[in-house]
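The values are calculated or read from the model by the stated rules, or taken from the named source; none is laboratory data. Everything numeric in this text was worked out from a predicted model, so none of it was measured. Positions of Cβ are generated from backbone atoms using ideal geometry, with glycine treated the same way; all protein chains shown enter the neighbour counts. Side chains included, ligands, DNA and RNA excluded: accessible areas come from the protein's heavy atoms. Shrake-Rupley method; radii C 1.70, N 1.55, O 1.52, S 1.80 Å.
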Amino acid sequence: MSTDPHLWLRHKARVSPYEVAFWIAALIVPYVLLPKYLALASQIAIMATFCISLDLILGYAGIISLGHAAFFGIGAYAAGILSARGWGEPLSGLLFAAVVAGLAGWIIGFMIVRVQHLALLMITLGLSFLAVEVANTFDGLTGGADGLLGIDTWKLFGIWKFSIWGHTSYAYALGVSFLIFLLCRRLVHSPFGLTLEAIRENPQRTTAIGVANRRHLQWVFTLSSSIAGIAGAMLAQTTKTVSLESLGFQNSAEIAVMLILGGTGRLYGAIVGTIIFMVARDQLSGMNPKYWYFWIGILLMMVVLFMPRGILGAMQRLAAKMSRS
Amino acid sequence: MKRTFVPVLATTALLTVTLASTSALAQKTVKIGVTNVYSGQFADPGAQLDAGIKLYMQLHGDTVAGAKIQIIRRDVGGIAPPVAKRLAEELVVRERVDILAGNLLTPNALAVAGVSKDAEKFTVVMNAATPIITTKSPYMVRTSLTTSQLNHHFGEWVAKQGVKNVYTMVTNYGPGTSSGKSFEDAFKKKGGKVVGADKTPVVNPDFSPFVQRVAEAKPEALYVWVPGGTQPPALGKALAERGVTPANTKIFGQGELTDDAALEAMGKVALGIITAYHYNVHRDTPLNTRFVKAYRAANNGRDPDIYSIGGYDGMHLIYEVLKKTGGNTSGKAMIEAAKGMSWESPRGMMSIDPRTRDVVQTVWIREVKMKDGKPANIIIDHIDNAKDPDL
Amino acid sequence: MSQLLAVMFDGVAFGMLLFLISVGLSVTLGMMNFTNLAHGAFAMVGGYVTFALASLAGWPFLATLPVAFLATMAIAAVFERLLFRYIYETGELNQVLFTIGFVFTASATAAYVFGTVHQSVDMPAVLTGFIELGEIKLPSYRLFLVAIALVITVGVVYGLEHTRFGAMVRASVDNQKVARGLGLNVNRIFALTFALGSGLAGLGGALAIEVLGLDPSFGFHILVLVLIVVALGGLGSVWGSFVAALCLGVFDVGGKYFVPELGSFLIYLFMVALLFFRPQGLFGKR
Amino acid sequence: MNALETRKLDKSFGNLVVAQDISLALPAGARHALIGPNGAGKTTLINLITGALKPDAGEIFLGGHEISGLPGNARAKRGLGRTFQINTLFVSLTPLESVALAVCERLAVTGKWLASLARRRDAIDEAFDLLSRLGLAKDCTKPTRDLPYGQQRLLEIALALAGRPSVLLLDEPAAGVPTSESTALFDAIAALPEAISVLFIEHDMNIVFTFASRITVLVQGRVLTEGPPDEIARSPEVRAVYLGGAKHG
């Protein structure tokens, strides 16, 4: 049996009914069924965007970073400072954050694409600590340890106010995440996306077929930083706060945990991982504010023991098993 | 998909707003949403604050003005304003709390202030000490302290004692730098001179190199600010090891510097250190003695500290305000009732400034002296009705 | 000058402490490529063992140290057999997730059992105060730290270089496949090394109480420093860890003394720069 | 003008000399075999030519242009293709994707990130065509790691050919291939377009003498001798150091 290559590739990139169902549910469920959870839902959408940005570099391009929050935080500060200085229009704030974080990513990228393994892990971690220290030092600009004050987010399109009920926040966060998701989905099915996977699999071979590995990696790192920056900016705009911790190691580590939890290199893994982690934390810490992280720890260990390819990987395998039988 | 988006948004918005506004009436319980830190690096102060809240309710019952008090706790998990903000929003939207409380750390409290203002909820800051916090919501009061309240008056007091020059060493983050600045400003205004200023890192502090710099500068006096917990004893040890002691250098600091653990670590070299604080565990008044005894009984013998007293007095204020409003929990009614309220706390007399809604209290000046064969903080002076100078 | 020496000595002592906590991770990472972020949690275990014995049961501090070492070793061995061994083949991302989960759980358990308060232990009189050598005042406890670290370093190096077990460990670090081919039971060697390394971390954690304090988030706090030492030293290299820990301690203290404004920047800048130009670390082969 | 030429290449790691004074010339369309005992420096020479290693001294020319200073990927873009002795493939990608990627790189579209790969019909057709010619079409949508070893060796060649190289360096193309699968491999080598100059390392003397028009013998990083196959086969020197003592592997 011979396969039609065009058909197979188109099939691989096709939009599945599950995807459509997922996004419709993402729109409807919080508004209709869980209106009290809109604040949480907004932050999940924002963190999922951040997580997707990490998936691009970690899952697809194989750049393991423990400092990606630096770009999230840079975006948050960019949008926050812009707003605190008098320009609170949200969409242009996002754009500004994307450019600033992307630029930072491009510069740091020169360094990142030249190291691997433990050194890469530690350099990204070190950069993340440096970012915190720099932000703390320039407290005139960033507000230092007290956090940035005076952020005022204008109405979305001049119509919808960002209120504590979270209707606007969620629509905004979901809308932006959806657009970014579409962009990333395109990217991973493009020749560029394929090249990234190939570099992750075997950089020696990509060099031998002529690929400029570092240029591709730097480009995706820039793009990923920019997206992380957008996510940070959304958090700054919807919560009207930015703190040093948004740049820090804990934020970086947490987002990596969410990604691995969901499964790397599949975009939806980032989304599912974020949803499960954040919902679990919200529910567990609501039930047991003092020792909730005991159960989070158990959850993480269980996932590794029983679902070594993340939750989505396990679901995919289960689905494959069921369709075979 | 985009076409259906706006109507869905509009209807659900309407629906929830109506639901939320109708159910706020006719209630017999008053819900207090506490955003606090229960895990991570700041878990311990968070636990002390929480113990203060618990003890007050244990001693005064959980019913006030005919309403049952219910506490709903949320863990911010550290310095995380977006989380604090979301939790406060959820407490309002999801749990329908009447009052917001807790607020251990400044960045979190600032985030909660936004919610307090938008939702018009009476909000008590039980610890965070940066002055501006209460200006961010008209429904916010504070029952802890402000950094400048203590350190401004302390700076003036030190200058008044004839000290001419001082070297300052503070932790390089908000509370540290702003305390240091208040102290320096007040001290300089009264004719003093700052001969050196160092900032120590927040985490992983090894104080010896900093103390060494002080030792070499040989200043007349040293002013120190470090957060409570592991740092005071560590600093105490470093000072003792490098021979920077009151015998050759006057040492001033905020009260954390000479807490019991630090005194134990320093031993007799601590004698003569002078600190300013708003709460003295060992101050011998009937009210305080009862409080400390009950606190120890409830917490495995642990002493109360400033976090505990912030939580305790915060609950006292809420109870008294509820009594005064007859159970009305609207933000406006409660904040009006709170303004100008004064009472005797285990820490001493305190009140809420009607203008700034911030705490007014006595600043106690203490010196480490021998008592019952052990170094202890002995009160040598006090500044009554001290307000924050900048608010 | 003499004062400067005294300050530097503090750095050396701090470095030695980091070395004790890190060396086990360096060897186990070098051997199995097992990314173990839970290493700091075992240091915390040792700390709490000493705290429980010294402050709760009233043992003298020095007597608790061997127990901290042995108890942590035993606990690590149990968990290695019960849990960790199942994830050696699952890739570094899963190992990160699993071991972070382990730290979460360990930290919550510690908070539940011992409370969130910062703990300390009483030191024997011998270890408080300082010893004067001419003009230089050296804090006794730090002298003790350096001495104990040196003894252990000599022990570890001797053990690796001159014992049969050490030779097996070195063979496994050099090339796991070849070692297996030679009939070595690498998994068992690893389990033993893991337990020993964790034991040393436990001892380090016990010794760290006096310097860094002890609370349930100790496992997270120490982790970053430990990783820096391991990465700078080079995987699998005992000397590398030793030199890296020493540099880190001295560099940190010296940096704060000479340029306090840059205080906490320096070690990270140093690490980033060094790893950029020498990704395998100071003494690493790969 | 030679398709590939090296002049006096030197390389050593510390005291270990792995290449010394290696000068080599491949005219267009050459079939040039590189033989020598294990550790003679054959793979090292290929790595020097492709840029995976930097020579200590000497120059490399591709089609008359010096490429010594270029990075590896730029050399590949100029028409230098290679295969690896140990499979160096994208194991979780499919052969179709792998080869399509290589074609895309030749067409300079791997930087395009907003267009779908499925839309690059030209690249996909070319990739599928190439796979078909090598007999890999049947399983070209399975992950590479699931292919039999022989097919993976063929895929090595397919990846190199997708770049339409002018010079192809084959590093033991038949290494480890079981006899049952070797015919396909031999056919593939035989079917290489004539215009391509091929430099190949091989231990299997059958293959060497079937395909090579010239042979270079490397021993301990130096060229021992060079000449046409029959001359090499007769050379007592070569027999002594190589054919006599060496074992395959």
The one condition A:THR238 fails out of (1) away from chain C (no Cβ under 11 Å); (2) closer than 26 Å to C:GLU92 by Cβ; (3) surrounded by 24 or more Cβ atoms within 10 Å (Cβ to Cβ) is (2)
For region B:233-287, enumerate the residues that are in contact (Cβ under 8 Å) with a residue 40 or more places away in the chain, open to solvent by less than 10 Å² (accessible area, probe 1.4 Å) and among the small types (Gly, Ala, Ser).
-> B:GLY255, B:ALA270, B:ALA276
With the condition kept exactly as written, say whether any residue in region C:31-40 is at positive phi and away from chain B (no Cβ under 14 Å).
-> yes
Of the criteria (1) more than 14 Å from chain B (Cβ to nearest Cβ); (2) open to solvent by less than 50 Å² (accessible area, probe 1.4 Å); (3) touching a residue at least 12 places away in the same chain (Cβ under 8 Å), which one A:SER16 fails | (3)
Within 14 Å of chain C (Cβ to nearest Cβ), over 23 Å from B:LYS369 (Cα atoms), open to solvent by 10 Å² or more (accessible area, probe 1.4 Å) and hydrophobic (A, V, I, L, M, F, W, C), is that true of B:ALA333?
-> no
Kindly indicate whether any position in region D:134-144 is in a loop (DSSP other than H, G, I, E, B), within 17 Å of the chain's Cα centre (by Cα) and closer than 23 Å to D:ALA188 by Cα.
-> yes
Enumeration of residues in region A:84-141 that are of a type in the set (Gly, Ala, Ser), over 20 Å from A:ILE64 (Cα atoms) and assigned to a helix (DSSP H, G or I) = A:ALA84, A:SER92, A:GLY93, A:ALA97, A:ALA98, A:ALA135, A:GLY140
Meets criteria (within 13 Å of chain C (Cβ to nearest Cβ), in a strand (DSSP E or B) and buried (at least 24 other Cβ atoms within 10 Å of the Cβ)) for B:VAL170 = yes
Would you be able to say whether some residue in region B:12-21 is loosely packed, with under 14 Cβ neighbours inside 10 Å, away from chain A (no Cβ under 13 Å) and at pLDDT below 90?
-> no
If you take the residues of region C:42-64 that are assigned to a helix (DSSP H, G or I), open to solvent by 10 Å² or more (accessible area, probe 1.4 Å) and farther than 19 Å from C:ALA111 by Cβ, which of them is nearest to the other protein chains (Cβ to nearest Cβ)?
-> C:ALA54
Checked region A:140-189 for anything more than 10 Å from chain B (Cβ to nearest Cβ), open to solvent by less than 10 Å² (accessible area, probe 1.4 Å) and over 21 Å from A:SER92 (Cβ atoms); matches are A:PHE181, A:CYS184, A:LEU187
Does at least one position in region C:267-274 carry a residue that is of a type outside the set (Phe, Trp, Tyr), within 8 Å of another protein chain (Cβ to nearest Cβ) and surrounded by fewer than 19 Cβ atoms within 10 Å (Cβ to Cβ)?
-> yes
From D:GLY36, D:GLY58, D:GLY14, residue being open to solvent by 20 Å² or more (accessible area, probe 1.4 Å) and modelled with pLDDT under 90 = D:GLY14
For A:THR264, indicate whether it is closer than 29 Å to B:ILE72 by Cβ and either crowded, with 19+ Cβ neighbours inside 10 Å or within 10 Å of chain C (Cβ to nearest Cβ) (or both).
-> no
Check every one of the helices (runs of 4 or more DSSP H) wholly within region C:165-236 and list those with 2 or more residues that are within 14 Å of chain B (Cβ to nearest Cβ), at pLDDT below 85 and touching a Phe, Trp or Tyr at 6+ places or on another chain (Cβ under 8 Å).
-> C:186-212
Residue count, region D:100-137 (criterion: within 12 Å of D:LEU155 (Cα to Cα), in contact (Cβ under 8 Å) with a residue 40 or more places away in the chain and of a type outside the set (Gly, Ala, Ser)) | 3
Among the residues of region A:30-55, which ones are within 11 Å of another protein chain (Cβ to nearest Cβ) and aliphatic (A, V, I, L, M)?
-> A:VAL32, A:LEU33, A:LEU34, A:LEU38, A:ALA39, A:LEU40, A:ALA41, A:ILE44, A:ILE46, A:MET47
Candidates D:GLY51, D:GLY63, D:GLY81, D:GLY72, filtered to the one that is open to solvent by less than 10 Å² (accessible area, probe 1.4 Å) and over 14 Å from D:LYS8 (Cα atoms) = D:GLY81
So B:HIS316 clears everything in (1) open to solvent by 10 Å² or more (accessible area, probe 1.4 Å); (2) closer than 19 Å to B:SER148 by Cβ; (3) assigned to a helix (DSSP H, G or I); (4) of a type outside the set (Phe, Trp, Tyr) except one condition, right? Which one?
-> (2)
